[in-house]
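Report on the structure given below.
What follows is calculated from the coordinates using simple rules that are stated; it is not laboratory data. Because the structure is predicted, anything quoted here is derived from the model rather than measured. Counting neighbours? That spans all protein chains shown, and the Cβs are built from the backbone with ideal geometry, glycine included.
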Amino acid sequence: MGSSFAFPLSQGTRPARHCKTSFGARDFGGFQDCFFRDRPMDTARIAVVGAGVVGLSTAVCISKLVPQCSVTIISDKFTPDTTSDVAAGMLIPHTYPDTPIHTQKQWFRETFNHLFAIANSAEAGDAGVHLVSGWQIFQSTPTEEVPFWADVVLGFRRMTEAELKKFPQYVFGQAFTTLKCECPAYLPWLEKRIKGSGGWMLTRRIDDLWELYPSFDIVVNCSGLGSRQLAGDSKIFPVRGQVLQVQAPWVEHFIRDGSGLTYIYPGTSHVTLGGTRQKGDWNLSPDAENSREILSRCCALEPSLHGACNIREKVGLRPYRPGVRLQTELLARDGRRLPVVHHYGHGSGGISVHWGTSLEAARLVSECVHALRTPIPKSKL
């Protein structure tokens with residue numbers, strides 16, 4: 001949804017390179033004075049709420065797409081304490097029932113191309129992005145033997161009978177090469193790019209988007225589950241995911257049950273074993289029984305994992321809703337107006353489509369900035 005409003009750009013100043021603030025979470029006056037000193041009057045001040053992979057990617061895309069803007073990331077949690085840091089990071093798309101398949105494919109293709117370019121650059125190690133090959137296996141033949149994303153990943157094909165012998169309980173499989181994006185490395189890599197383009201990071205809890213008015217001209221809501229409160233969205237809910245991180249350097253190929261519940265994803269420093277999918281569960285503490293079940297299921301697929309060591313438990317809450325919310329909303333209160341671009345609700349598919357949806361969110365922000373800079377016609381009396 002694009003914006004259909006026009007209003008004058010708030011006057012302000014340019015961000016200083018270095019500034020420390022000590023004001024409270026509800027007091028952004030000092031923030032405005034400090035960060036926007038000497039800012040050109042036509043610079044749009046944009047706040048991105050949320051510092052997971054979606055928020056940081058959106059900020060990078062805005063900085064690239066929108067000229068003359070200042071971008072500030074505001075969140076109570078940054079890496080390594082975000083939900084994204086727990087994600088396994090494999091590019092295998094989740095399907096959103098409320099979103100056209102062609103749109104989902106575009107998001108995935110743009111994300112794959114973005115990460116593939118990184119994987120083939122000198123930045124690959126710092127960004128935590130690399131190619132990985134493996135199998136997705138099914139206990140019964142799926143309705144769609146060739147998924148919508150098959151021509152985006154590399155070398156997609158049906159598994160041979162010889163390959164399936166490794167998994168005697170499974171009757172159908174797909175072999176392909178995809179990308180793995182390890183967020184504990186990727187998020188700092190994104191932060192570095194935001195800071196390099198003049199952006200700011202601010203650790204603050206936001207309880208109401210109106211707290212950001214009038215210090216910012218546009219707000220981008222990438223708060224995930226926080227949108228239950230910040231956007232009043234009752235459609236979004238947590239799906240608890242628990243994973244194990246183990247040392248098993250001999251595991252080189254990913255293995256994923258077609259249900260998406262059991263998976264083995266090798267990475268640069270550890271192998272991620274999953275998982276759980278517990279709707280409405282807000283518990284962030286590891287559950288010992290969950291860990292035993294995960295290890296048992298993964299060892300059934302890859303018996304050599306019985307020799308894995310240094311097992312660590314991780315828990316994250318995926319922000320689920322029927323579809324990603326990518327929408328512009330004009331908040332109004334007591335004659336004041338605040339344009340908000342909502343960008344959240346990726347569920348378990350955030351890594352797979354994050355760059356594609358962030359590009360779309362940045363385009364919505366660009367429309368808002370254009371509206372800010374469009375003079376309001378004077379009424380004829």
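Couple of notes before you dig in:
- In the chain, the inverse of the mean reciprocal separation of distinct Cα atoms equals 21.9 Å; this is its Kirkwood hydrodynamic radius.
- Distant-in-sequence amide H partners of TYR344 (H built 1.01 Å from N, under 5 Å): ARG325
- For the range 164-295, the Stokes-Einstein estimate of translational diffusion at 20 °C and a viscosity of 1.002 mPa s comes to 115 µm²/s, using the Kirkwood hydrodynamic radius over alpha-carbon pairs.
- Here the ratio of the Cα radius of gyration of the range 233-274 to 2.2 N^0.38 Å is 1.47.
- Entry for the range 199-253 at q = 0.30 Å⁻¹: log10 I(q)/I(0) = -1.32, Debye formula applied to identical alpha-carbon scatterers, no solvent contribution.
- Computed over the range 155-225, Cα set: Rg, Dmax in Å: 22.6, 64
- Put simply, the range 69-182 fits an ellipsoid with semi-axes of 30, 17, 15 Å; these come from the alpha carbon gyration tensor as the roots of five times its eigenvalues, largest first.
- Remark: HIS114, HIS354 ranked as HIS114, HIS354, counting other beta-carbon atoms within 10 Å and listing the fewest first.
- Sequence of SER215, SER133 once ranked by neighbouring C-beta atoms within 10 Å, starting from the fewest: SER133, SER215
- Stokes-Einstein diffusion coefficient of the range 63-136, Kirkwood radius over Cα pairs, 37 °C, 0.692 mPa s, in µm²/s: 213 µm²/s
- As a proxy for reagent exposure, ILE92, ILE236 were ordered by neighbouring Cβ count within 10 angstrom, fewest first; the result is ILE236, ILE92.
- Its residue count N fixes a reference of 2.2 N^0.38 Å for the range 222-381, and the Cα radius of gyration divided by that reference is 1.43.
- Largest to smallest principal axis extent of the C-alpha atoms in the range 277-361, angstrom: 64, 27, 23
- Residues whose placed amide H lies under 5 Å from that of VAL153, excluding near-sequence neighbours: none
- Rounded Å value of the spacing that divides the Cα centres of the range 194-208 and the range 45-77: 7 Å
- Under 12 Å, Cβ to Cβ, from GLY173 - net charge with Lys/Arg +1 and Asp/Glu -1: +1
- Alpha carbon centroid spacing (whole Å) that separates the range 239-312 from the range 96-158: 20 Å
- Pairs spanning more than 20 Å between alpha-carbon atoms, out of LYS165/LYS314; LYS235/LYS279; LYS105/LYS279: LYS165/LYS314; LYS105/LYS279.
- Mean ellipticity per residue at 222 nm, deg cm²/dmol - from DSSP H runs of n ≥ 4 across the chain, formula -39500 (n - 2.57): -8000 deg cm²/dmol
- If you wrap the tightest convex hull around every Cα atom of the range 240-325 and split its volume per residue, you get 112 Å³.
- Dimensions in Å of the range 119-170 - Rg and Dmax from alpha carbons: 14.8, 42
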